1. Any residue in the range 184-206 that's more than 15 Å from residue 86 (Cβ to Cβ) and of a type outside the set (Asp, Glu): show its pairings with residues that are surrounded by fewer than 17 Cβ atoms within 10 Å (Cβ to Cβ) and at pLDDT below 95 at Cβ separation under 8 Å, as long as the two are six or more apart or on different chains.
2. For the range 52-68, enumerate the residues that are of a type in the set (Val, Ile, Thr) and over 12 Å from residue 130 (Cβ atoms).
3. For residue 161, only one of the following conditions fails: (1) closer than 14 Å to residue 93 by Cβ; (2) free of Cβ contacts under 8 Å to residues at least 60 places away in the same chain; (3) under 19 Å from the mean Cα position of the chain (by Cα). What is its number?
4. Among the residues of the range 165-188, are any of a type in the set (A, V, I, L, M), at pLDDT below 90, surrounded by 13 or more Cβ atoms within 10 Å (Cβ to Cβ) and in the same structural domain as residue 81 (by TED's automatic domain parsing)?
5. Are there any helices (runs of 4 or more DSSP H) wholly within the range 146-209 with 2 or more residues that are under 24 Å from residue 133 (Cα atoms), and if so which?
6. Name every residue in the range 145-184 that is among the small types (Gly, Ala, Ser) and touching a Leu at 6+ places or on another chain (Cβ under 8 Å), in order of residue number.
7. Evaluate the range 112-130: report whether one residue or more is among the basic types (Lys, Arg), surrounded by fewer than 21 Cβ atoms within 10 Å (Cβ to Cβ), more than 15 Å from the chain's Cα centre (by Cα) and not in a helix (DSSP H, G or I).
8. From 158, 125, grab the single residue that is modelled with pLDDT of 95 or more and either of a type in the set (Lys, Arg) or within 27 Å of residue 23 (Cα to Cα) (or both).
Amino acid sequence: MAQPARKRLSHEERRREIMHVAKQIIHRKGFEAASLQDIADALNMKKASLYYYFGSKEELLQDVLAAIIGEGMALVRDILASDQDDPLTRLWRLVASHIHHLCANVVNVAVFLHERKVIPLEKRKTLLADDYAYQAAFIDTIRAGQQAGQIRADVDAKLAALSLLGSTNWTYTWFKSDGDLEPAFIGRQFATMTINSLANAQTLGTWQPPAA
């Protein structure tokens, strides 16, 4: 019986489809072991056709990683764009969103953290710039909280932010999508613990976490 014809996709839609499938295969096999033939087979495409969309396996990985960090940056920008929140509430939202995103996108996080070192440093500059911008959002928000008198003055903002991100980035290694803990709940818990560890006593006596 003949297979149904593949849906005709635009160039950009096909690129996204290839990146999605490549991401799954790289997560399962690792970048070095994954081949373009593996990706082509999974897509029912000829290997040569992949070169119409990506010049090499390395270029494909670079675009996959850029898309992953781009998703995270979009969430951060949305939170920073709101002028309704005080710095402490903004920090709570950043942490809650960060954790929720990690838990809801385990494959993305694993591929980004494990495979970005494959990209040569010169070509990794854009990824690093976005990564630093992501870190800066947390650092700057902690500093804003200090300036507003909400966060303890003895806290080193950069060290606090990097410690937070360094410890939470590996949440994906123990989070189970079929477990008892929902991503949103984990995010809220981590966010509240962060505030409790950084805010001064006076602020903790009056501040309340947002409802959502």
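The values are calculated or read from the model by the stated rules, or taken from the named source; none is laboratory data. Just so you know, these numbers come straight off a predicted model, no measurement behind them. We place every Cβ from the backbone using ideal geometry, glycine too, and count neighbours over all the protein chains shown.
1. As it stands, the answer is 188/209; 192/209; 196/204, since those pairs meet every condition given.
2. If we filter the range 52-68 for residues that are of a type in the set (Val, Ile, Thr), which is where we start, we get 64, 68.
Passing the criteria: only 64.
3. Unmet condition: (1).
4. Scanning the range 165-188, I find no residue that is of a type in the set (A, V, I, L, M), at pLDDT below 90, surrounded by 13 or more Cβ atoms within 10 Å (Cβ to Cβ) and in the same structural domain as residue 81 (by TED's automatic domain parsing), so the answer is no.
5. Details: elements: 157-168, 183-198, 201-204.
Where helices (runs of 4 or more DSSP H) fall fully within the range 146-209 and carry at least 2 residues being under 24 Å from residue 133 (Cα atoms), they are 157-168, 183-198.
6. 145, 148, 160, listed by residue number.
7. Of all residues in the range 112-130, those among the basic types (Lys, Arg) come to 116-117, 123-125.
Checking which are surrounded by fewer than 21 Cβ atoms within 10 Å (Cβ to Cβ) leaves us with 116-117, 123-125.
With more than 15 Å from the chain's Cα centre (by Cα) added as a condition, the list becomes 117, 123-125.
Narrowing further to those that are not in a helix (DSSP H, G or I): none.
No, because not a single residue in the range 112-130 is among the basic types (Lys, Arg), surrounded by fewer than 21 Cβ atoms within 10 Å (Cβ to Cβ), more than 15 Å from the chain's Cα centre (by Cα) and not in a helix (DSSP H, G or I).
8. Working: 125 fails: modelled with pLDDT of 95 or more.
Going through 158, 125 in turn, the sole match is 158.
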